[in-house]
Structure formats: structure tokens, C-alpha cells
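Reviewing the structure listed below.
The values are calculated or read from the model by the stated rules, or taken from the named source; none is laboratory data. The structure presented is a predicted model; accordingly, all values stated were derived computationally and were not measured. Cβ coordinates were reconstructed from backbone atoms using ideal geometry, including for glycine residues, and neighbour counts include every protein chain displayed. What goes into the accessible areas is simple: the full protein's heavy atoms, side chains included, and nothing from ligands, DNA or RNA. Shrake-Rupley method; radii C 1.70, N 1.55, O 1.52, S 1.80 Å.
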Amino acid sequence: MSKLATYKFFNWILENDLFDKVLITTMVHDEINIEAPEYLEEIAKDKLIQCMEEAGRVFCKTIPISASYAIGDYWIH
């Protein structure tokens, strides 16, 4: 699911000419960490959540898998 979500999110970055603005920094287990400027924070967050939940629906058709987020100045974990 994480790989599919990252693929979808990366394509969104490319399609919206954000390659030098929104960065996928790391993928750890079921987390996808990104960096984005503050003016793109909400847009990138919402799109990443959408991509993660869409990927979840591909693999789990009976129980919805939700995504959550945390915004910070550094990786919390």
C-alpha cells in the first residue's frame, strides 16, 4: 500500500510541477514523510492522505483504511 500511495503522490508532484517544492524524504513502514513549504502544507497533506487512502482501498475492499498526519519541524519518531 505504501509503495502504491507513494507512486500516486509522486505522480501528483510531477503533474503539478512541484518536483522542486514537495519532497518525499523517507518511507518507514506505513509512514510517508514529506517536506513542503508552508504555503503548500495543506494541499500536500490533503493529497498525501488521499493517495494513502486510495491505495488502501485497492488492497482492502471491505474495511476502510484511514490515514492520519502530523506536521512538524522534524521527524517525530
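How many residues are part of a helix (DSSP H, G or I) and open to solvent by less than 80 Å² (accessible area, probe 1.4 Å) when one looks only at the range 11-25?
Of the residues in the range 11-25, 3 are part of a helix (DSSP H, G or I) and open to solvent by less than 80 Å² (accessible area, probe 1.4 Å).
Of all residues in the range 26-53 being among the aliphatic types (A, V, I, L, M) and in a helix (DSSP H, G or I), which is surrounded by the fewest Cβ atoms within 10 Å (Cβ to Cβ)?
43
Within the range 54-77, take every residue that is within 16 Å of residue 6 (Cβ to Cβ) and not charged (D, E, K, R) and give me the one that is surrounded by the fewest Cβ atoms within 10 Å (Cβ to Cβ).
Going through the qualifying residues, I end up with 59.
Quick test for you: out of 69, 74, pick the one residue that is hydroxyl-bearing (Ser, Thr, Tyr), touching a Leu at 6+ places or on another chain (Cβ under 9 Å) and part of a loop (DSSP other than H, G, I, E, B).
It is 69.
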